[in-house]
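To start, the structure itself, in structure tokens.
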Amino acid sequence: MSSLQNAREAPLWMDSFDCESPKRKPIEGPVSVDVAIIGGGYSGLWTAYYLLKNDPSLRVIVIEKEYCGYGASGRNGGWCEGALAGGTEKYAKRSTLDDALRLERTMFTTVDEIQDVLASESIDCGFHKGGFISLARNLPQAKRQRASVELARKRGMGEEIIRLLEADEARAHVNATDLQSGIFFAPSAVVDPGKMVRGLASAVEAKGGTIVEGTTALSISPGKVVCSHGEVSANVIVQATEAYTRDIRGKKLDLLPVYSQMIATEPLDDSQMSNIGLEDRPTFNDGRYIVIYGQRTSDNRIAFGGQGKPPYLFGSKIDSSIESNFQSHQVVWENLVRLLPQLREVAITHRWGGTLAIPRNWLPSVRFDKLSGVGFLGGYVGEGVAAANLAGRTMADLILERQTDLVSLPWVGVRSRKWEPEPLRWLGVRASRRFMGAADVSETKTQKTARLAMKAAHFLRGD
């Protein structure tokens, strides 16, 4: 039995902060600004940062319902990975393959951009660029990985970006069970997401931005945000609300809020770490469809996560009690010790959860309507730590009418149709998870690709 019963029900990343209540004041009465940004997570803060960096005269306000980092920005797995959810092929269908590859390469360099900003703003969040290891633990996973590397080669990516690992080399990186092979992807780093979001908020304020907390945005219309503590008049309004978009009037079906759960071990000693690997602190997962994800923290913990159970609540409900669902955390722990049985007797000190946002087309996007002055960025499908930086930079360029390479990237202007009404949403998520879970079990048991189950799951995901 794991030590989950004794684990603190709070995100490891926010445990060093007093987060019981907002520390910044709410809005007091009507406010007039140049740019109002709704959401105090990575997307909103990066947008504010680059706006103020490029035009310090702007009056910029960030409106946060709870406190900066309350949502996914303070609860995620700390993967600062140079990749976007959705895939190059989907963006290529909406533009060209060359443009989609340009977006892909820009994501690679975004990891370095983040590193540069963290250094220039003296934000100490444990950033370390150790790459990403994806393990193949059955033959179908190995075949998919080999095919993905072959495709990357055809598209001009060399071993400095992505390369195959034979079983022994993969084991040297992560001493996991049932290894067949692996992939090493270089443009990826680990961070402490709580320290990163808090540091970024301070950097925004240092550049002259205003952040209000404990303030709920109730509705958005051109030129106006109606909030719980007063109205904000703004020439430009940016919506950076991710899963909490469902709380804004008229936007409940824009994005699907889906739960992910995490646990963290106690700090491990040198002997324990040498038995596991992760010497250069790569992020890691395996090639299953029901995603798992992990990292070695700067104080030698293993922070590990996976999909919540249930992954979705009827009516797109967000319920904080799900974040500490014991059954979900038990499943995450079982996946961890199957992967790394060396951790079976290691204490779990923290367990938590949170919501990520999925658009109906599964494509992150950035949009700005110059006529109305309203913008949107997000829908990262759980891969937003690095993507939010590129989105924020791009949104700032769109608002400031800067003719940069970023504003022509093919995720700019992408729109997704709304999600289906209930009970279709709930049934679709449940069916998709069931098909994907069945595919994982089948592939491990038979060592054959579960084609029928995956075709059904891809259909439900809009692939």
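Taking the stretch 417-455 as the range and being surrounded by 19 or more Cβ atoms within 10 Å (Cβ to Cβ), outside any helix (DSSP H, G or I) and out of contact with any strand residue (DSSP E or B) (no Cβ under 7 Å at 6 or more places or on another chain) as the test, only A450 passes. Restricting S202, S219, S298, S260 to those that are of a type in the set (G, A, S) and over 29 Å from V117 (Cβ atoms) reduces the list to S219. Among the criteria (1) touching a Gly at 6+ places or on another chain (Cβ under 6 Å); (2) in contact (Cβ under 8 Å) with a residue 60 or more places away in the chain, the one I292 does not fulfil is (2). Among the residues of the stretch 353-390, those identified as assigned to a loop (DSSP other than H, G, I, E, B), touching a helix residue (DSSP H, G or I) at 6+ places or on another chain (Cβ under 9 Å) and closer than 18 Å to Y91 by Cβ are N361, W362, L363, P364, G379, Y380, G382.
Could you tell me whether G250 is touching a residue at least 60 places away in the same chain (Cβ under 8 Å) and either touching a His at 6+ places or on another chain (Cβ under 9 Å) or surrounded by fewer than 18 Cβ atoms within 10 Å (Cβ to Cβ) (or both)? Considered against the rule, which asks whether it is touching a residue at least 60 places away in the same chain (Cβ under 8 Å) and either touching a His at 6+ places or on another chain (Cβ under 9 Å) or surrounded by fewer than 18 Cβ atoms within 10 Å (Cβ to Cβ) (or both), G250 comes out as no.
Looking at L165, is it assigned to a strand (DSSP E or B), surrounded by 15 or more Cβ atoms within 10 Å (Cβ to Cβ) and either among the aromatic types (F, W, Y) or without any contact (Cβ under 8 Å) to a residue 40 or more places away in the chain (or both)?
Working: assigned to a strand (DSSP E or B): yes; surrounded by 15 or more Cβ atoms within 10 Å (Cβ to Cβ): yes; either among the aromatic types (F, W, Y) or without any contact (Cβ under 8 Å) to a residue 40 or more places away in the chain (or both): yes.
Answer is yes for this residue.
Of S228, S324, all but one fail to be more than 23 Å from E213 (Cα to Cα) and surrounded by fewer than 18 Cβ atoms within 10 Å (Cβ to Cβ); the exception is S324. In the stretch 403-419, the residues that are closer than 16 Å to T110 by Cβ reach residues that are crowded, with 20+ Cβ neighbours inside 10 Å and basic (K, R) with C-beta atoms within less than 7 angstrom, at least six apart or across chains, in these pairs: L406/R393. Restricting attention to the stretch 341-360, the residues being surrounded by fewer than 18 Cβ atoms within 10 Å (Cβ to Cβ) and either basic (K, R) or within 17 Å of the chain's Cα centre (by Cα) (or both) number 1.
Applying the criterion of being among the hydrophobic types (A, V, I, L, M, F, W, C) and either more than 23 Å from Q295 (Cβ to Cβ) or modelled with pLDDT of 95 or more (or both) to the residues of the stretch 76-87, the residue that is surrounded by the fewest Cβ atoms within 10 Å (Cβ to Cβ) is A83. Just to be sure before I move on: is D286 touching a helix residue (DSSP H, G or I) at 6+ places or on another chain (Cβ under 6 Å) and at negative phi in the structure I sent? The answer is no for D286. Put simply, of S73, S43, S32, S57 the only residue that is surrounded by 19 or more Cβ atoms within 10 Å (Cβ to Cβ), modelled with pLDDT of 95 or more and farther than 30 Å from P341 by Cα is S43. Close contacts from the stretch 340-359, counting a first residue that is more than 30 Å from K252 (Cβ to Cβ) and a second that is surrounded by fewer than 23 Cβ atoms within 10 Å (Cβ to Cβ) and of a type in the set (K, R), with Cβ to Cβ under 8 Å and a gap of 6+ residues or different chains, come to T349/R8; T349/R301; H350/R8. Is one or more of the residues making up the stretch 115-123 closer than 24 Å to N361 by Cα and part of a helix (DSSP H, G or I)? Within the stretch 115-123, not a single residue is closer than 24 Å to N361 by Cα and part of a helix (DSSP H, G or I).
Of all residues in the stretch 182-204, those that are touching a residue at least 60 places away in the same chain (Cβ under 8 Å) and crowded, with 24+ Cβ neighbours inside 10 Å have Cβ atoms under 8 Å from Cβ atoms of residues that are in a strand (DSSP E or B) and of a type in the set (K, R), 6 or more apart or on another chain, in V190/R296. Can you find even one residue in the stretch 77-99 that is among the polar types (S, T, N, Q) and closer than 30 Å to N325 by Cβ? Taking every residue of the stretch 77-99 in turn, none turns out to be among the polar types (S, T, N, Q) and closer than 30 Å to N325 by Cβ.
Of the listed requirements (1) in contact with an Asp or Glu (Cβ under 6 Å, 6 or more places away or on another chain); (2) assigned to a loop (DSSP other than H, G, I, E, B), T245 misses just one: (2). For the stretch 234-242, the criterion of a residue being in a helix (DSSP H, G or I), of a type outside the set (A, V, I, L, M) and closer than 30 Å to T394 by Cα is satisfied by at least one position.
The values are calculated or read from the model by the stated rules, or taken from the named source; none is laboratory data. Note that the coordinates shown come from a computational prediction; the quantities given were computed from them, not determined experimentally. Note that we place each Cβ from the backbone using ideal geometry, even for glycine, and neighbour counts take in every protein chain shown.
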